[in-house]
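Down below is the structure, laid out as structure tokens.
The values are calculated or read from the model by the stated rules, or taken from the named source; none is laboratory data. What you see is a predicted model; the values in this text were computed from it and never measured. Neighbour counts run over all protein chains shown; Cβ positions are idealised from the backbone, glycine included. Each accessible area value is taken on the protein alone, full model and side chains, heavy atoms only, with ligands, DNA and RNA left out. Shrake-Rupley method; radii C 1.70, N 1.55, O 1.52, S 1.80 Å.
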Amino acid sequence: MADYQEIIASYRGTPGGIIEAYHAVQREYNYIPAEAVKEAAGVFGLSEAQAYGVATFYSYLSVEPRGRYIIRMCESAPCHIAGAEEVIQAFEHALGIKVGETTADGKFTLELTECVGQCQGTPVITINSQPYAGVSAEQVPAILAQCK
Amino acid sequence: MAEELRIVLRNADRIDPLNIDDYLAAGGYRALEKARGMNPKDLINEVKASNLRGRGGAGFNAGLKWSFVPPADVTYVVCNLDEGEPGTYKDRTIVEKDPQSLLEGMAICAHAIGSRQGFIYCRGEYPYVVEHLRKAIAQARDKGVLGDFDIQVRMGAGAYVCGEETALIESIEGHRGEPRFKPPFPGVAGLWGKPTVVNNVETFANLPEIVLKGAAWFAGIGTPSYPGTKVLTLTGDVVNRVAIEVPTDTTIRQVIYEFGGGIRGGRKFKAVQIGGTSGGFIPESLLDTPIDADSMRSIGATLGTGAVLVMDETRDIVDIVTRIAKFFEHESCGKCNPCREGTFRCYEIMKKINAGRATAADIDNIMLLSKVMTRAALCGLGQAAPGPIMTTLQHFRGDYERKLLS
Ligand SMILES: Cc1cc2nc3c(=O)[nH]c(=O)nc-3n(C[C@H](O)[C@H](O)[C@H](O)COP(=O)(O)O)c2cc1C
Ligand code: FES
């Protein structure tokens, strides 16, 4: 795993690059560890509070540890009327966790999201940002089985 | 049978989007060459005369916006690919199918305002689009077609408000994406304080054809006050859930029944919400309205991003509006009070109505609150958030009254 210090350092010369750096850290760690926020503050010349303020403003970024597979269910109006609620319940049931939680083995995190721009195929989920369109509650076990 | 008219999507599914030679063979970058042979003032006047109006929602004349940029050493061209408005997937479609059209459009704008640096702000939910764009930019650079104009892609990170142009600028600068007070407008003091033009993907992608074929050609298409085409994305209870590009004098009814193939499952139409989740709800009686921004405004609705969410007779309007109220409560950035508190209270009251615990007094309150937010919120988020509530109370009041305590 690439070291967060190295990752953040590679954005040092990019004006406003802190958000890009956070994305890059999150791609490796699935979240932004507290030490990485502190490091970014130093590299981009911000106070720790400011760096934390940036990290927590954006819902795509997380400062809490998350699982290897981050499943996000879109609940915006088009997905809502296409049955997002049933799909989320099927995930909660299959994983034994509630929205916002991570399974005990650290494999799955379940989150809600707003529209991910794939509304031609509602309802939509993403797994590690990869969209899956037209998902039904019945497909949930098969989808989870694909995540090794 | 109405037909699509493809300007922005003229190359879609006809060229390999990641082979710039295909784009060049289809006449790509000839418009930029022509533009570069023009005096920037004449170029701006040409775009102004075409009456191309911004496709990101506000509908401002693009050439007029460019004309506000003062002479300066450093200016920026920023493309808004935040596409956070639920139900919208047009900008993704445009970029996935023909990224060079966007790059060429940005380079045309760069010549007009004397810019050497462009940014594309792409929402964090589209990492695959970011990759795709970076490949397309690398190809354009290798071919040398962009000249001394360079383009960088920056990622958003899941904040709807960052689609607002000054919040977007804050975000590129690496800050929390909170909107700025205007004036100054970005055209005068934008990214890092420099004059900056922010336009939507679709706005830029229209430019190559406008430059090649001329302002008069474009101004003659569709509705005169909002000419050209609009890319629409159909969702919900419509047979064809697709992206289409149609002249702006196409009616809502044509969109739903001719292009959309009508309502799924042979059911009846109930409502359509156009422009994204902040758009107004439209009843059957207004379906013969053309989709151009001014006609839509005249019926209390919006064209917005061109998202078209169709709802059939079985849909619970109050439940849908409650879900929408939750969206705004979540996405309000919290900077201004009318929006922070207003979206919270709207959601609270909508939940109460939806759960069957409200009285007529709650409806009066939410109407009053909606009016205050429309007038007092700092940015378009808080101003537009009550739109779905107000338009459904206007057209579907019975749906609310059925849920009230008697
Ligand atoms: C809350 C909010 C969200 C917005 N989201 C977007 C967006 O995702 N894409 C976009 O192009 N414009 C969006 N806009 C409009 C922009 O502020 C701006 O008007 C637009 O990018 C200008 O480009 P145009 O003139 O080409 O439309 C949004 C505005 C508000 C208030
Ligand atoms: S509404 Fe769910 S992906 Fe757009």
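A compact table of results
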| read-out | value |
| --- | --- |
| Which numbered condition B:Gly342 fails, given (1) more than 21 Å from B:Phe281 (Cα to Cα); (2) within 16 Å of ligand 1 (Cβ to nearest atom) | (1) |
| Wholly enclosed strands (runs of 3 or more DSSP E) of segment B:134-236 bearing at least 3 residues away from chain A (no Cβ under 14 Å) | B:196-200 |
| Residues satisfying the stated conditions in segment B:15-47, i.e. surrounded by 15 or more Cβ atoms within 10 Å (Cβ to Cβ), among the charged types (D, E, K, R) and closer than 17 Å to B:Ile94 by Cα | B:Asp22 |
| Neighbours by Cβ (under 7 Å, 6+ apart or cross-chain): first from segment B:83-106, facing chain A (nearest Cβ under 7 Å) and touching a residue at least 40 places away in the same chain (Cβ under 8 Å); second assigned to a helix (DSSP H, G or I) and aliphatic (A, V, I, L, M) | B:Pro86/A:Ala77; B:Gly87/A:Ala77 |
| Selection status of B:Ile120, over 16 Å from B:Arg154 (Cβ atoms), within 14 Å of chain A (Cβ to nearest Cβ), away from ligand 2 (no atom under 14 Å from the Cβ) and not in a loop (DSSP other than H, G, I, E, B) | no |
| Residue list for segment B:244-268, restricted to those being touching a Leu at 6+ places or on another chain (Cβ under 8 Å) and either under 26 Å from A:His80 (Cβ atoms) or free of Cβ contacts under 8 Å to residues at least 40 places away in the same chain (or both) | B:Ile244, B:Ile252, B:Arg253, B:Val255, B:Ile256, B:Phe259, B:Gly260 |
| Test: residue in segment A:118-130 that is surrounded by 16 or more Cβ atoms within 10 Å (Cβ to Cβ), within 14 Å of another protein chain (Cβ to nearest Cβ) and within 16 Å of ligand 1 (Cβ to nearest atom) | yes |
| Qualifying residue in segment B:344-354 (condition: β-branched (Val, Ile, Thr), away from ligand 2 (no atom under 16 Å from the Cβ) and open to solvent by 40 Å² or more (accessible area, probe 1.4 Å)) | no |
| Condition broken by B:Glu131, with the remaining ones in (1) away from every other protein chain (no Cβ under 13 Å); (2) farther than 17 Å from B:Gly306 by Cβ; (3) in a helix (DSSP H, G or I) satisfied | (1) |
| Counted residues, segment B:47-94 - those being more than 16 Å from ligand 2 (Cβ to nearest atom) and under 18 Å from B:Asp150 (Cβ atoms) | 8 |
| Residue satisfying condition, being assigned to a loop (DSSP other than H, G, I, E, B) and in contact with a Ser or Thr (Cβ under 6 Å, 6 or more places away or on another chain), within set B:Arg10, B:Arg6, B:Arg55 | B:Arg55 |
